[in-house]
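In what follows, a structure is listed as structure tokens, so that the remarks can point back to it.
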Amino acid sequence: MEFKFTEEQLAVRDAARDFAQNVLKPGVIDRDIHAKFPAEEVKQLGELGFLGMMVDPKYGGGGMDSVSYVLAMEEISKIDASTAVCMSVCNSLVCWGLETFGNEDQKNKFLAPIARGEKIGAFCLSEPEAGSDATSQQTTAEDKGDHYLLNGTKNWITNGSSASVYIVIAQTDREKGHRGINALIIERGMEGFIVGEKEDKMGIRGSDTHTLIFNDVKVPKENRIGEDGFGFKFAMQTLGGGRIGIASQAMGIASGALDVALAYSKERKTFGKEIHRHQAIAFKLADMKTQVHAARLMCLNAASLKDQGEDYTQEAAMAKLYSSEIAQFVTTEAVQIHGGYGYVREYHVERMMRDAKITQIYEGTSEIQKIVISRGILKD
Ligand code: CAA
């Protein structure tokens, strides 16, 4: 299958590339060192429409397709994977979930400000005891008639302290198992909602990852997404699309590492010639290029299926699995090509290698992707 991009898709890619090169690149090393969230940069990204790219323009979004989203995610991730995960969570997990399953009031009140770039969203599923095993939610949303009483703790929440709108998955009726789970919209400032500790991470250090605590938070019933008990299916379907975003992030990190390594191999000389003229380096570059190309096609394929309204569950899981695996290989090879320079911050590739690791863990570990893929095969 060949992808011929439309002029509009190419314009989106070019705008994301300009933004990444001119706005994100200058401060990316400093933000990594100081674990600083790119607040000003994300604000600008939102103003350009990149936080709600696929949202219908009537809710303030860009009305773009998922293929454009993959192209933009690659460009942002090539330069700054921390900004990219903020963008992915806003687009895939929060905006898509609200637009697809929210009611009109929820879309106007919660979706539109994110799509317009005025607010940031967060998706809160993981808990100390429920990361991969998503049905084991310990956070409870007790039904109190006109409201839910929310209690519990969520861990590793992306955009934890910078978001204003949080989608929280919680158990209402334990006897009903996953059919007793709800998805609730929580606003910053609700009484009893505490933003807890910030994680000191190995990679994506500019991303704002927190523990969130809910102590008797009164959540109005109108903040529930979908019917009572729809929360688990909401989470599964939303994560399915989110995997296209994280696959593209992983592929983008790898693509960025390849660019940096290729440029370096043309400058650096050993034994009297540029290092790319040594077959040992040229073969590494060939392997890296092949893997990035394959990962890109897988991301675009999953996105294209989504745009056509086809089932993309398996394709998104395969794209996420493969892209995150090759991101390890490609970034490690990029460090190797740089030799000693690759091990210091200034050359970017050591950060890319650290950033790549998380893509095998969040939005479902590689093992979770294999569960989704193998179940799909057995169903076929
Ligand atoms: N779409 C719709 N429904 C789905 C579905 C999907 N893709 N996947 C499962 N379901 C439904 C099933 O049909 C089933 O419903 P019924 O009983 O009514 O038929 C129900 O959900 C339960 O399904 P399973 O029995 O398959 O559930 P399971 O307990 O075996 O778990 C799993 C399946 C795939 C392992 C799931 O738990 C999972 O995806 N876990 C990983 C969660 C995850 O990605 N966590 C990351 C947190 S978010 C994050 O990282 C964001 C960030 O910050 C970047």
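The values are calculated or read from the model by the stated rules, or taken from the named source; none is laboratory data. Everything quoted here is computed from the prediction, not taken from an experiment. Every residue, glycine among them, receives a Cβ derived from its backbone with ideal geometry; neighbour counts consider all protein chains shown. Areas reflect the complete protein model, heavy atoms only, side chains present, ligands, DNA and RNA absent. Shrake-Rupley method; radii C 1.70, N 1.55, O 1.52, S 1.80 Å.
Here are a few things to note about the model shown:
- Of interest is the spacing of the C-alpha centroids, which for segment 250-276 and segment 314-380 amounts to 19 Å.
- Counting only Cβ charges, +1 for Lys and Arg and -1 for Asp and Glu, the dipole size of segment 217-267 around its Cα centre is about 200 debye.
- Dipole of the chain [Lys/Arg +1, Asp/Glu -1 at C-beta], most positive-end residue of Cys86, Ala282, Ser164: Ala282
- Charged side chains reduced to their Cβ positions (Lys and Arg at +1, Asp and Glu at -1) give the chain a dipole of some 960 debye around its Cα centre.
- Net lengthening on full extension, Lys218/Lys144 (0.36 nm per residue, minus Cα-Cα): 25.7 nm
- Protein heavy-atom surface of the chain, 1.4 angstrom probe: 51% of the accessible area is carbon and sulfur, with nucleic acids and ligands not counted.
- Options Gly241, Ala183, Thr135, ranked by Cα towards positive dipole end of the chain, top entry (Cβ charges): Gly241
- Positive minus negative residues near Tyr322 (Lys, Arg vs Asp, Glu; Cβ under 12 Å): +2
- Cα-based shape type of segment 96-144, given that a ≥ b ≥ c are square roots of the gyration tensor eigenvalues and the cut on a/c is 1.5: prolate
- The 1.4 Å probe gives accessible areas that order Asp30, Asp65, largest first, as Asp30, Asp65.
- Counted without the sites themselves, the longest stretch of the chain free of GluC sites (Glu not before Pro) in a DSSP loop having at most 13 other beta carbon atoms within 10 Å is 3-128.
- Helical segments meeting 30 Å axial Cα length and Kyte-Doolittle 0.0 threshold in the chain (DSSP H): 231-267, 279-307, 313-338
- Per residue, the average separation of C-alpha pairs within less than 8 Å and at least 6 apart gives segment 123-200 a relative contact order of 28 percent.
- Cα gyration tensor category, rounded, prolate or oblate, for segment 202-343 with a/c compared to 1.5: oblate
- Shape of segment 108-250 from the C-alpha gyration tensor: rounded (a/c under 1.5, with a ≥ b ≥ c the square roots of its eigenvalues).
- Of Gln314, Leu111, Gly27, farthest towards positive along the dipole that unit charges on Lys, Arg, Asp, Glu beta carbons give the chain: Gly27
- The residues packed around Asp173, meaning those with a beta-carbon under 10 Å from its beta-carbon, carry a net charge of -1 if Lys and Arg are +1 and Asp and Glu are -1.
- Note that the chain presents 43 Å² accessible area per residue, ligands and nucleic acids not counted, probe 1.4 Å.
- Gyration tensor over alpha-carbon atoms, the chain, equivalent ellipsoid semi-axes in Å: 36, 21, 20
- Trypsin sites (Lys or Arg not before Pro) restricted to segment 255-326 and DSSP loop, no more than 10 other C-beta within 10 Å: none
- In a simple Cβ point-charge model (Lys, Arg +1; Asp, Glu -1; nothing else charged), segment 1-126 has a dipole of about 280 debye relative to its Cα centre.
- Mean ellipticity per residue at 222 nm, deg cm²/dmol - from DSSP H runs of n ≥ 4 across the chain, formula -39500 (n - 2.57): -15000 deg cm²/dmol
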